[in-house]
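Okay, structure first, notes after.
The values are calculated or read from the model by the stated rules, or taken from the named source; none is laboratory data. Note that the coordinates shown come from a computational prediction; the quantities given were computed from them, not determined experimentally. Glycine gets a Cβ as well: all are built from the backbone with ideal geometry, and neighbour counts include every protein chain shown. Heavy atoms of the whole protein, side chains included, go into the accessibility calculation; ligands, DNA and RNA do not. Shrake-Rupley method; radii C 1.70, N 1.55, O 1.52, S 1.80 Å.
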Amino acid sequence: MTTLERTFETAGRCRYRIPRHGDMRVDAVFYASQAILDMLAEEDYASLRQLVNVATLPGIVAPALAMPDIHWGYGFPIGGVAAFDPRAGGVVSPGGVGYDINCGVRLLGSALTADDLAPRVERLADALFRRVPTGVGSKRQAERLEEDELRRLLVEGAGFMVARGHGEADDLARTESGGRLAGADPDALSPRALERGLPQLGSLGSGNHFLEVQVVDEIYHAAAAAAMGLARGTVTVLIHTGSRGLGHQVCSDYVERFLDALPRYGIDLPDRQLAAAPAESPDGRAYLGAMAAAANFAFANRQRITASVREAFEEAGFTPRDHGLHVIYDLAHNNAKLEEHGGRPLLVHRKGATRAFPPGHPELPPAYRPIGQPVFVPGDMGRYSYVLVGTEGAMRDTFGSSCHGAGRRMSRHRARKEARRRDLLRELADRGVVVRAAGRGTVAEEMPEAYKDVADVVDTVDAAGIGRKVARLRPRLVVKG
Amino acid sequence: MPATRTRPLEHTGDIGFELSAPDLETLFDAARRVLLAELMASPPEGNHRGDRDEAVLQLEAPAADRLLVRWLDELLYLVQTRQRVPVGARLRVVPPALDGAAWQLQAQLTTAPLDPQAHGWRGEVKGATYHDLQLARGRAGWRARVILDV
């Protein structure tokens, strides 16, 4: 796509602009290092073409954005951020939120050190693998619910789990939006979405979802690390999952519904996966009610997994006083949220992108107001993940958004082929990483080389001023679906 | 008669495939097989012995390509929620008789229970997407291109 390559221009440090052209309503802006630019070229700029498509959607507010973990997705690129003005016909797009509504990451801190972990890591791995079901194929179900309980959970979010004894009030205080999106409407979900959600609460899923026990190995921002209780050599737990089959079904149902509704709203699309409806239309409002319900399921899911993690540590021989597992923060990277930007309410879609509000923002828990919102950026299972904080630069330039991960660079088919010649579990063990996985397939598809080096992604974020590095976390134990 | 072919697509984030077949019924059935091969390393075959069930499925959509997405989503639901693997399918695709009417798929499915261990479960698929979805008739039959979210 040399035409597209010729259209983008440098617009700041690690920042590039694609000026409005064709059907674009606004400019598009993306963040990249030279290495990331090379990877965009390798995939023939497929993800930038998707970003250009996003810029054609009605009611979009400049610019359409992509974070440096950008890669080819469906509809939106992964790493995409787009804000819409509902009062000016701005749309909501289920494909712009994604199938895994409110997929996100939760970081737990602990009172343990690497030395405490080492002698019990195998036992802990077994306990975590047994107690946290991965989904299809798992013999165990974490939490049994009746449909009326599920409906309440869809409104109450993570708080429903805490009320059932699976956590503490402080867990909620350190969860984005308190672990509950307002406006959830369980009646906006299909019976099939409810059916898919019922057996899956407290399960991890597969693909890029994981549960990882890590050790803090580098601190870059002492004050922020201290506010989060992160010190070199201490143990953390990162949980990455979302709304499971319930959220997937909500997305499928509403993409279908919106495709049927497109002529009614006079919307033409360059890609049907961008199916959209005005946010203030009956269709748009119905989706937002269903999306909030699915988001609440995701918050509750991570809360229930947190309870299972605490139980697993205790099974491995750590008393609650020993492990001291507590929520540092829980944040989403697939959703659409109504937020105030530039003095007006905008519906900000983040598809594989993280909210990254700056110091002082009223939506932050008091403990994090002096430092900015914690942002967790998982890498791959062999290298490292990062903790960042949100900045004024992000608020100014990216609707308060930053990256969400490393971003893939290798297709799943290619990764599977590569893995046939190697013993990945042995290679990870040699790096000091214990793995428990439901099948070898996921480990193969998620091999470290399938991802960009997340260090390059967070360095790009840091250099562009849309996030600031706080700490680096090294994996010691990985559970995969 | 043109052969039925399937080919994986190199997609960075998700999984995609291309199909070609002499008719829509064969193409939809090839899509079923490709989907099962993505979900499990050793999906059970049509000659699977043991617990088998028969089910009738009727789907409709305003266009043939949307019918393909609905078919794949239905199969995902069957496997991932109902834990039944559609090991065989007798299919009939009915084009709309009148302008504005729906495409229909009538499927008689044979299903077997999912055994993740025995079938080499690879991992869940979230849904069939409309991104870059293609289904068109050419001189040599039908061709399709589908991307799945994993």
Restricting attention to region B:1-30, the residues that are assigned to a loop (DSSP other than H, G, I, E, B), open to solvent by 50 Å² or more (accessible area, probe 1.4 Å) and within 14 Å of chain A (Cβ to nearest Cβ) number exactly 1
Looking at region B:81-89, is at least one residue away from chain A (no Cβ under 14 Å) and closer than 19 Å to A:Arg192 by Cα? yes
Checked B:Arg70, B:Arg145, B:Arg92 against criteria (away from every other protein chain (no Cβ under 13 Å), outside any loop (DSSP other than H, G, I, E, B) and either in contact with an Asp or Glu (Cβ under 9 Å, 6 or more places away or on another chain) or within 30 Å of A:Val97 (Cβ to Cβ) (or both)); the one match is B:Arg92
Please indicate, with yes or no, whether at least one residue in region A:252-266 is more than 30 Å from B:Leu133 (Cα to Cα) and touching a residue at least 40 places away in the same chain (Cβ under 8 Å). no
When you go through A:Arg140, A:Arg144, A:Arg120 one by one, which is the residue that is open to solvent by 30 Å² or more (accessible area, probe 1.4 Å), in a helix (DSSP H, G or I) and either on the phi < 0 side of the Ramachandran plot or touching a Leu at 6+ places or on another chain (Cβ under 8 Å) (or both)? A:Arg120
Is it the case that some residue within region A:72-79 is touching a residue at least 40 places away in the same chain (Cβ under 8 Å), aromatic (Phe, Trp, Tyr) and over 24 Å from A:Leu331 (Cα atoms)? no
Those strands (runs of 3 or more DSSP E) lying entirely in region A:1-106 with at least 1 residues within 14 Å of chain B (Cβ to nearest Cβ) and under 30 Å from A:Ile239 (Cβ atoms): A:60-74, A:76-84
For the subset of region A:410-433 comprising residues that are under 24 Å from A:Ala46 (Cβ atoms) and more than 11 Å from chain B (Cβ to nearest Cβ), which member is most open to solvent (accessible area, probe 1.4 Å)? A:Glu418
Can you tell me which condition A:Ala463 does not meet? The list is (1) away from chain B (no Cβ under 14 Å); (2) open to solvent by less than 10 Å² (accessible area, probe 1.4 Å); (3) modelled with pLDDT of 95 or more, and all the others hold. (2)
Cβ-Cβ below 8 Å, separation at least six or inter-chain, first residue in region A:384-399 and within 9 Å of A:Gly372 (Cβ to Cβ), second in a helix (DSSP H, G or I) and of a type outside the set (Lys, Arg): which pairs? A:Leu388/A:Val458; A:Leu388/A:Val461; A:Leu388/A:Asp462; A:Val389/A:Ala224; A:Val389/A:Tyr368
If B:Val34 passes every condition in (1) more than 14 Å from every other protein chain (Cβ to nearest Cβ); (2) open to solvent by 10 Å² or more (accessible area, probe 1.4 Å); (3) not in a strand (DSSP E or B) but one, which one does it miss? (1)
If you check A:Gly205 against the conditions, is it assigned to a loop (DSSP other than H, G, I, E, B), touching a residue at least 60 places away in the same chain (Cβ under 8 Å), open to solvent by less than 30 Å² (accessible area, probe 1.4 Å) and within 14 Å of chain B (Cβ to nearest Cβ)? yes
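For (1) more than 14 Å from chain B (Cβ to nearest Cβ); (2) charged (D, E, K, R); (3) farther than 22 Å from A:Gly80 by Cβ, each residue gets a yes or a no:
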residue	(1), (2), (3)
A:Tyr265	yes, no, no
A:Asp268	yes, yes, no
A:Asp283	yes, yes, no
A:Ala290	yes, no, no
A:Ala294	no, no, no
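Quick grid of which residues meet (1) out of contact with any strand residue (DSSP E or B) (no Cβ under 6 Å at 6 or more places or on another chain); (2) closer than 25 Å to A:Gly197 by Cα; (3) part of a loop (DSSP other than H, G, I, E, B); (4) charged (D, E, K, R):
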| site | (1), (2), (3), (4) |
| --- | --- |
| B:Ser42 | yes, no, yes, no |
| B:Leu59 | no, yes, no, no |
| B:Leu78 | no, yes, no, no |
| B:Ala97 | yes, no, yes, no |
| B:Ala101 | yes, no, yes, no |
| B:Gln108 | no, no, no, no |
Check B:Gln117, B:Gln108 and return the single one that is touching a Gly at 6+ places or on another chain (Cβ under 9 Å), open to solvent by 60 Å² or more (accessible area, probe 1.4 Å) and closer than 23 Å to A:Arg416 by Cα. B:Gln117
Select, from A:Arg196, A:Arg106, the only residue that is under 29 Å from A:Gly229 (Cα atoms) and touching a residue at least 40 places away in the same chain (Cβ under 8 Å). A:Arg106
Taking region A:356-378 on its own, how many of its residues are aromatic (Phe, Trp, Tyr) and either open to solvent by 10 Å² or more (accessible area, probe 1.4 Å) or in contact with a strand residue (DSSP E or B) (Cβ under 8 Å, 6 or more places away or on another chain) (or both)? 2
